[in-house]
Structure formats: C-alpha cells, structure tokens
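Accompanying notes for the structure given below.
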Amino acid sequence: MAASGAALAGFVVAHLAGNLQIFLGQEAVNRYAHFLKSTPGLLWSARLFLLAMGALHVVTSAQLNREARAARPEPYAGKAYIKASPASRTMFASGLIILGFIVYHLLHFTFLKLHPQYGQLTDALGRHDVYSMMVLSFLNPLICAAYIVPVFCLCLHLSHGLSSLFQSLGINTERSRAGLAAGAVVFAWGLFAGYAIIPIACQLGWVKLP
Amino acid sequence: MTLDAKIPSGPLSEKWDKHKFEMKLVNPANKRKYSVIVVGSGLAGASAAASLAELGYSVKCLCFQDSPRRAHSIAAQGGINAAKNYPNDGDSIQRLFYDTIKGGDFRSREANVYRLAQVSGSVIDQCAAQGVPFAREYGGLLDNRSFGGALVSRTFYARGQTGQQLLLGAYQALSRQIGLGKVRMLMRTEMLELVVVDGAARGIVARNLVTGAIDSHAADAVVLATGGYSPVFYLSTNAVGCNVTAAYRAYKKGAFFANPCFTQIHPTCIPQSGDHQSKLTLMSESLRNDGRVWIPKQKGDKRPPELIPEGERDYFLERRYPTYGNLSPRDIASRAAKQVCDEDRGVGPGGRGVYLDLSDALERLGGKIVRERYGNLLDMYERITGENPFRVPMRIYPAPHYAMGGLWVDYNLMSNLPGLHVIGEANFSDHGANRLGASALMQGLADGYFILPYTLGHYLASTPRKPVAADHPEFKKAEDLARARVNHLLSVRGKRTAASFHQELGRRMWDDCGMSRSDAGLRRVLKRIPELREEFWKTVDVTGSGEDLNQALERAGRVADFLEFSELLAQDALHRTESCGGHFREESQTDEGEAKRDDAHFSYVAAWEHAGDGKSATLHKEPLTFEAVQPAQRSYK
Amino acid sequence: MNLTLNVWRQRNAQDKGHFLEYQAKDIGPDMSFLEMLDQMNEDLIKQGSEPVAFDSDCREGICGMCSLVINGVPHGAQFQSGSAACQLHMRKFKDGDVITIEPWRAKAFPAVKDLVCDRSAFDRIIQAGGYISVNTGGTPDANTIPVPKPAAERAMDAAACIGCGACVAACKNASAMLFVAAKVSHLTTLPQGQVEAKERVQKMVARMDQEGFGHCTNQSECQAVCPKEISVDFIAQMNREYLKSL
C-alpha cells in the first residue's frame, strides 16, 4: 500500500510539473507532449509501471478493506471518532472517486474519446496541439468542475496517505512525526493549488488560446 | 500440636545458604513428572509459576481475571526495596532486615526476614534483566528513592507504576513458559476448594467462571498465591475482585490462619465521597517524600486551606515524630490522622481527611520536577476528586490496604498441611504486625523467584511420590461440596443483594475492628457477624444460573467467605490485647497515645485452626524468639 | 441526575445480542462510571432481573480489565482522555443524557456475555515473543547493564500499556498494532532486549495476524483512546524494526 502509494504520488508530482508548463505557453507544452510521444520506450515503461502500481494499490486497498470488515464482523451501533482526520476516514471513498476520475481523465486527454472536439487540433509544426486542447477544455466550466473536485479528493487522499506512508515505512520518529505529517498536508494542498490553478487560469483568461 | 517453623540452625546470616545446601534436589529428568498448581498470577504466583516451569516442573496456573496480567500487584505504585546500597548511604542486608523487623513491630520471624533481605538484591537483578524499565540516573545506573519507615534510599521504582512493571516482567516470564507449553494457564477460573488426600494437599476444585463448570485439578503440590483479604472491610485499596476465598477454603481444610488481625491501613488514600463508592484509591506514599501533612490547629476550622496562615497549621507528623516526620511508618501515620480527625480537626466532607500539601515542594523544586516525579498520581487525584493538586492541597485519609496476616507457613513457605505452599501476601511470614512501604513487591517476588523454587523442590524430593488422579473420592467430595454451595447460593432467592451484605460487613468491621480496636467494639462486631451471616443465607438474592458467567454468583460466594473469615479476624483481634503495628487496642497505649506492645504475653504468632462449623477456632502459638535484634518500643520520634 | 442507558445485552457467545434500555436514577457526580453501573445492577437484582455483566477489577485505571465503549468511543475518551472507564466520573455527564454502552467489538475479541469479551488473543501475542528470554537466577548485577536515561524513559512510555484493548476497539480496522508496538518498542529500546529484537518482532507480528486483527491505516484513533496515551510513534518504531528484521 505504502510503496505503491509512494510511486503514484511521485507520478502526481511529475504530472503536475508537466502540466504547469501551460504557463510557459503553447510551444513548451506541445514540445513536451511531442517529446513523450516520440520516446515510446520511456512512455510505455512509465505507463506500465504506473498501471502496475495503480493495480497494486487498488488490490491492496480492497484487501485491507476486506480484512478490516472481517476483523470486526459486528459493527458498533454508533461509532464515534475523536482523533481520526476526515481525510483518513474517507480514504476508500476518495480512492474510488480518484479511480473514476483516472478513467475519465484518460478518456479525455489520453485516448481523446471524450470531448473529441478539443482533441483533434494540431499546431503550426503539425504536432498534436495539447496546449489548445487543455485551454479549450478548461474554458468549459463543467469540465473544470469535473477536474477540480476529483483533484480535491486526490489531495485529501494524499494528505493522509503521505503521512501514513512515513508511519508505515517506519520513517517517522518521535521528533519527526509531527513535522512530516504537517509536511504531508502542506505538500498535498500545494499539489492541489498547482493542479487547480490551471483550470482557474483558463477560466479567468490568464492563459489564452494562441 | 506444636508448630514447627523448621528454621535452620546456625547464625542468622548463614541459615539460608546452609539450608539451600541441605535441601534435597529433584533429579532433573524427573521434574516434568511432578505437577504443581499455582493459584493466583500476581507477583508471587506468576514469578513462582514461571520459575518452577523453567526448572522443568509441570505447572498449572489459575487466575480469576481474564488475563494473568491483571492481578492486583499491578496497582502497586511506589517501588520495591532492596539492600543494594547503590546510593552509598549506609544500607546493608542487616539494615534492611532490622528496618523490616522493627517496622513489623517485632512480630515477624527473624530468619524469614533476614532471608528476604538477603535475596532482595537478586530480585532487582532479575527484574532488570527481564527489561523492567526502572528509573535511571543520567549515567545509566539505577535510581533510588526513600520511602516510609527507612532513613536510607533503597527503593527502586518505575515512575508511579512499579507494581505494574514488575508484574509485567513476571507475566512475560510466565507467558514465555505458557508459549513453550510448560505452564497451562487457566484464566477466569476460581479455586473453590482445596483437596487433601492422606493429610497432604493434592489438588483443588475450581470453577470455570465462563461456563460454570466445576472441575478437579490434581497435583503433587499446591501453591496459593492469592493475595490479601483487605476487602473484608468492603472499601479498601484492593481490587474489587480481591477475596479471601482460596485461603479461607484451605483454612477450612486444616491449614492454620496466622495473625488475621494484622491488617494494614494505608495513610495516603483519597477520602471516601459517598455510599456509592466501590473502592478507595491509594496515592503512593512516595508523595510523603515531598508532601507535608497538616490540618488546622483550630477545631472545626472550615476555611479553605489557602486562607489558613502558616502559624495556624498543625504539621502533626513532623510535630510528633521529628526524626521521621512525614515519612513515619504507615500504621503510625494512619493512626495519627485518625486521632486528629477524631478531635474534630479533619478537613473535607464529613471531616474525615487531612491535607497532603505539595506547595513547599512546588516552591523548592518547581512544577516540572514535581510533575516528573508524581505526574500520573496527581492526574489520578484530579480525575477522582475534580481538584487540582498543584493549586489546592490534596485531601487524604487512611484506608485498608494490605494483610500482613495470612496462612501460616514455615521457613519453607509450606503450611502445616504438607504440600500446601503459600507465598506473597497470602502468607503471614515476613511483615509482622506492619509492613513497610515498598516491601510487598520485594516479598512477593522473593518468594516466587528465589525461595519457593528451592523449598518446593525439597518437599517433592523428600516426599515419596504417590500419584493421585482427579477421580479420587476426595476430589469427588470436594466437587460435591463446591456444587452444593453454588446451588445453595442460587436457591435462596431472597431480597437482599450480596453487595449490600458486603457493604454492611465492611462498615461494621471498619468501625469496630479497623484502625483502632476495643474490647467492647470487638465483642459488638463478633455478636453481629453471625447474625449477618444467618441473614445472608436466608435472604441473599443471587440471580441467574450457575451455568454461565454470573458475576453476582461470584460475588456472593466471596462475600459468604468474608462473612465467616471476618469472625476469625475479630476473634484474633480480641485475643491479642496488646497493641502492635497495625493492630491498635485502645486498652494498650502509652500516655502519649502510642501503641504499647506486650512482649511478655504476646511475642508469638497466633495460628488459628478451624475446629468445625459453628465452633470457635483453636489457637496455636508459635513463639517468636529474637537473637539478632532486641525488641524495643518502636520509636520514630 | 437521571440517565437513560442503552446497554448491549448478549447471553453468551452464540447469542445474537441486542440493546436494552435502562433508567439510571439518582446518579451522583462523584460516582465513577462503573459505580453508576453497579447501582444499576443492584436495582436490576432487586427487580429480579439479571444484572449486566461487565469486566472490572482494580478500578484505578491500571489493571486494564474494564472494557466499555461509551457513546461510540472506548473508555468514553471523548469525555476524558488518558483514562480507563473506571476513572471516568459522572460529573462529566448531565441530567437527561442518553448513554449507549457496548462491548469491545472485534473478531479477535469474541463476545463472552453482555459487555464482557475475551481478550486472550493479547496474551497469545505476548506468549509468542513479548519477553526477554532470561531464566530466574544467574542474571548479572542490575548495574552492569547501564541504560541511558532517555532510553529508560522511552521504554517506560511504551511499557505503560495496560493491555486493555481499547486500541483495537477504537480502530476502524480492529488492528492491534498499538498494543504490539508498545511491547516491541519497550523491549527493543532497552539494551537487554536487543539480543532477540529481530525474532521478537517477527513472531509477535505473525501471531497478531494469525489472531485475526485488522491492519493499521494510521488514523491514530488508538492513541486518542489509550488510557495511557501510548504514542503511535511506537507503531512507526515497530514498522522500522520489522523492516530491519526481514
């Protein structure tokens, strides 16, 4: 769980770094996309690795969930929590939303099956115009919402998941735990800010079509 | 019948070594053929069961709680004594021996106490090796603190949870043997009868508290480590489950009960707040190291403590006992508190309380150090009373705490019934008429780790082995007796709960046979107990059945035994017309109100033999002889 | 004050169990929660009904026997943290309150009766390796093994565990990690315990899994209800020890 989560979290960071190139303009984004496409070895090994990690993460979480239910066959009439964070209590739900979002997101930006009208453009150099696809998509408020809400869930998920990872891998110590947990929260919400700023920028016209 | 304590000959300091050499050994190959039942899993029981199993005996261990780790030794707070002399302040085996004999008001056996002091150091070594997290100095060596009744620092401790940590050490040693299959542990199982075959203890009958099954358990020897009987007073610092049943059942089978009137009243408990109360909570007397005990000088002074100026406070322990002051032994401190409350100078609701004030220590050491030393105790006080001891002086009052009396045992910790060994608080042997602080843990572990494993082996090796099976007619008889008692309790269906009988018995015992005892009061309570017992068997209401977990039934069985045992206790108190240690007879006091011993007439152990139901017990005397110390009037002034 | 109690009643391990409502009358603020139940039981016996079975012994917060889930939280820690139910006093409640009382619920803690459950799984975990293997006698003088003061303090922090099982009861996964971690950390932090550190953590974790406890998902609910406030730092320490032992 922790190891696959760490790998997926790493991807989320790398992905954000790629996305933020939108602020560098059309050329940067499209060149980056073209670079990825033109190194299929790298691209596919990354994709397969992520797929494996994702599958592992889903399988282990299903297993955890099953074991947790088996470990308490008779539930409490009214269970109350006094310490557990909302993020930690909604991991399974937020995970499901993220899973759904990944499918939607891939259909949208990778397989270009959803909103195909934004996906067929090419730029002046004949490359796939990813930049315009992103901007056009995020000019649609519904797509913005369908993006921001799951990303919120993702970051909620990460805010617990990361601190949990330090705990599960035994990285936490008496001294570092509070700091690492706070760091995880800051990191997660930093990611959210990074991801959310893109559709917002499109909506507010900070990022414009070429 | 003469009581032979089997004390080895020779100089005091050589007796134990000599005896260890003279005792017979069991062939290691034969040890597993010998079975031993240990009843109780506290410090004494767990350490004995683990040590015997390590030696190779087949051990069965019982406890009435759901886990051996819950025995009430766990609640001991302050510490454990040992004559290590680590602080270089003049301690020695001789001094620990002397302090214990003197603290016990010269009513214990010299040879036993000397041996206790001798092995005390090994107990600490054993516990440290087991991983007991004792308090340490910055250099990594063990820390010591001082405790009531001693002028040297010889008390080892683990915060305010020493008993817990020592018990967990013994529990872990026991668990290791259970895991290895050397000990069979029966939890939620209560001993109801001792089985004696051909004059020797050969097993027990016990009830599985979950299924209600009453079963026989046969063995080559039986060890009782069943603790004390303070809940005879209903309210005490003991756990609500602590009881006299196992010891009393053994007594009814012929084991002598020694000095039952020697009960200890602990001076530093949280005062009672009402009739609903099920137990009293102890505040470790280590608090007396830094806390000062006082009451207002004026009678009926109802001002809050902070408004009473220094000059109008009476630090009565410091005033009356300048040398020991707030560290006076328990019996003396308790009685002094009772006396000032009887003078109508007590504080708090009902006037049954004195202040234990930390403000000097807070000023001298600062809040941080005080919190470090006593934090958990002070939190506990605040939880129970709702008052913050950092701002308001605590209120304390004495409460029944420990039973120095118990089943009679010889030097080998064996009772007059061959094969029946009694260890820890359940026996009478080491504390005389008063136990010093931090000595109970020492004795429980000394008995279990370092004495019984030798002496029990000696018994087994020197007794021809005659296997007895659990289908022997004596077991059948004992089972029938136990079942009949359970059925009787369930069949009365009266209208008064066992708890209410317990409460009434306790109140009467506390009033007439508690901290101070008089001829008239003892006769009064001795008249009332049989009446109460009769009422109990006529009107007790025990609901439910005997075939499952029935806590009302468990309770009723224990109360029934207390209703008989209390009579023995009061009878012993009546016969001992001297004052000594925790036993204070109003008729025997000095002009200053201190206890007055009567060595000419009472320098003996009173061992009582059951003479049959409805008959008064027969007294046997084991004279106490003192070679190494000269009994003197105890003075802590 | 007068209270309404919803109490779990279950005849035995096979019975399905259900809630019954009781009225607790004239409850004083100085009563402990268990004394309140004592009084309710006395009233039940007087009415000819069977009293509610619940575990308790020392009633001073150290034996770990009491095991009540009060309004959904073990030991009623939402009313007072850092204490067992026996140390919770009724001054924390007010007249007219409705209180739900349930037993610890976990597969590894099978029901016995009413509010009583069987926690021997904890004992078996200790039996699997929660000790230092020294026999009685033959141990060196206690001062030959110096223990740095901070290590002794830290070991004591972990060793303070009373084995009540509230951590399991509170965990949404019914995980025993805090209990096991406390023992592993107590023993591993001391030099005496390092000799068998690897074996110990392996055996104890294996036994824990075998007993049917769930896994840790790091919610720290265990620490919040722990009567001794044992820190989840020890769980990280145990995880570290476990990874080291592989």
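Computed about the Cα centre, the dipole magnitude for the protein assembly as shown is approximately 2160 debye when only Lys and Arg (+1) and Asp and Glu (-1) carry charge, each at its Cβ. Largest first, the extents of the alpha carbon coordinates of the range B:508-637 on the three principal axes equal 57, 30, 28 Å.
Ordered by the count of other Cβ atoms within 10 Å of each Cβ, fewest first, C:PHE179, B:PHE316 give B:PHE316, C:PHE179. Within the range C:3-113, the proportion of C-alpha pairs whose separation exceeds 23 Å stands at 24%. Between the C-alpha center of the range B:141-185 and that of the range B:278-339 there is a gap of 30 Å.
For B:ASN416, the residues 5 or more places off, or on other chains, whose built amide H falls under 5 Å of its own are B:PHE256. Counting neighbouring beta carbons within 10 Å and listing from fewest to most, the residues B:CYS261, C:CYS171 come out as B:CYS261, C:CYS171. Averaged over the residues of peptide B:43-50, the number of Cβ atoms from other protein chains lying within 10 Å of each residue's Cβ is 1.
If R0 equals 51 Å, the separation of the Cβ atoms of C:VAL98 and B:LEU180 corresponds to a calculated FRET efficiency of about 0.55. Put simply, the C-alpha atoms of chain C give a gyration tensor, and the ellipsoid matching it has half-axes of 37, 19, 16 Å, longest first.
Along the range B:312-326 the Karplus relation, 6.51 cos²θ - 1.76 cosθ + 1.60 evaluated at θ = phi - 60°, assigns HN-Hα couplings of 9, 9, 10, 7, 5, 6, 5, 5, 7, 10, x, 5, 8, x, 5 Hz to successive residues, with x for each Gly and Pro. By the Kirkwood approach, averaging reciprocal distances over each pair of separate Cα atoms, the protein assembly as shown gets a hydrodynamic radius of 31.6 Å.
As a check on your grasp of the helix formula, calculate [θ] at 222 nm for chain B: sum -39500 (n - 2.57) over DSSP H runs of n ≥ 4, divide by the residue count, round to the nearest 500. Value at 222 nm, helices only, nearest 500: -11500 deg cm²/dmol. Counting Cβ atoms of other protein chains within 10 Å of each residue's Cβ and taking the mean over peptide B:173-182 gives 5.
Descending by average beta-carbon neighbour count within 10 Å, the peptides C:81-87, C:188-194, A:144-150 line up as C:81-87, C:188-194, A:144-150, the highest first. Extents of chain B, largest first, come to 73, 60, 48 Å (Cα atoms, principal axes, whole angstrom). Amide H to amide H, with H built 1.01 Å from N, B:VAL196 comes under 5 Å of B:ARG202, counting only residues 5 or more places away or on other chains.
Rounded to the nearest whole Hz, the Karplus-based 3J(HN,Hα) values (6.51 cos²θ - 1.76 cosθ + 1.60, θ = phi - 60°) of the range B:398-405 follow the sequence x, 8, x, 9, 8, 10, 6, x, with x at glycine and proline.
Counting Lys and Arg as +1 and Asp and Glu as -1 over every other residue whose Cβ lies under 11 Å from the Cβ of B:GLY56, the net charge comes to +3. The packing ranking, built from the mean of other Cβ atoms within 10 Å per residue, places the peptides B:431-438, A:59-66, B:134-141, C:131-138 in the order B:431-438, C:131-138, B:134-141, A:59-66, highest first. For the range B:213-270 and the range B:59-96, what is the separation of their Cα centres, given in Å? Their Cα centres are 18 Å away from one another.
With r as the distance between the Cβ atoms of B:SER92 and C:LYS149 and R0 = 35 Å, compute the FRET efficiency 1/(1 + (r/R0)^6) and round to 0.05.
Details: r = 27 Å, r/R0 = 0.78.
For R0 = 35 Å, the calculated efficiency reads 0.80.
Karplus couplings for the range C:228-242 from phi (6.51 cos²θ - 1.76 cosθ + 1.60, θ = phi - 60°), rounded to Hz, Gly and Pro as x? Per-residue couplings from phi come out as 9, 6, 4, 7, 5, 3, 5, 5, 4, 4, 5, 4, 4, 4, 5 Hz.
Ranked by the mean number of other Cβ atoms within 10 Å of their residues, highest first, the peptides B:108-119, A:108-119 fall in the order B:108-119, A:108-119. Put simply, the convex hull of the Cα atoms in the range B:72-169 casts, on average, a shadow of 6.3 nm². As a proxy for reagent exposure, ranking B:ARG145, B:ARG69, B:ARG576 by other Cβ atoms within 10 Å from fewest up yields B:ARG145, B:ARG576, B:ARG69. Comparing mean-square fluctuations of A:ARG127, A:ARG177, A:ARG69 from a GNM of chain A with C-alpha springs under 10 Å, the top value falls on A:ARG69.
Building the convex hull from the alpha-carbon atoms of the range C:140-185 and averaging its projection over directions returns 3.9 nm².
Averaged across C:117-129, how many Cβ atoms of other chains sit within 10 Å of each residue's Cβ atom?
Values: counts 1, 5, 5, 5, 0, 3, 11, 3, 1, 11, 11, 3, 4.
Partner Cβ neighbours, averaged per residue: 5.
Beta bridges from DSSP with both residues in the protein assembly as shown: antiparallel share about 70 percent, rounded to the nearest 5. Centroid-to-centroid, using Cα positions, the range B:529-549 and the range C:105-165 are 38 Å apart. Residues whose amide H comes within less than 5 Å of that of C:CYS117, counting only those at least five positions distant or on another chain, are C:VAL112 (H built at 1.01 Å from N in the peptide plane). Measuring how big the range B:146-234 is from its alpha-carbon positions, Rg and Dmax come out at 18.1, 52 Å.
In plain terms, if you count all Cα to Cα distances in the range C:120-245 and split them into 10 Å steps from zero, the share in each step is 13, 46, 32, 8, 1 percent.
Computed from the C-beta positions of C:SER49 and B:GLU531 and an R0 of 35 Å, the FRET efficiency is 0.75 to the nearest 0.05.
Which length gain, in nm to one decimal place, applies between A:VAL58 and A:ALA77 when the Cα-Cα distance is subtracted from 0.36 nm times their residue separation?
Numbers: separation 19, 0.36 × 19 = 6.84 nm, distance 2.89 nm.
Difference between extended and current length: 3.9 nm.
Helices in chain A, meaning DSSP H runs of at least 4 residues, each add -39500 (n - 2.57). Divided by all residues, the mean residue ellipticity at 222 nm is -24000 deg cm²/dmol.
Read-outs throughout are calculated quantities, based only on the coordinates presented, and are distinct from any laboratory measurement. Just so it is clear, the structure is predicted and the values come from calculations on it, not from any experiment. Cβ: placed from backbone, ideal geometry, glycine included. Neighbour counts: every protein chain shown.
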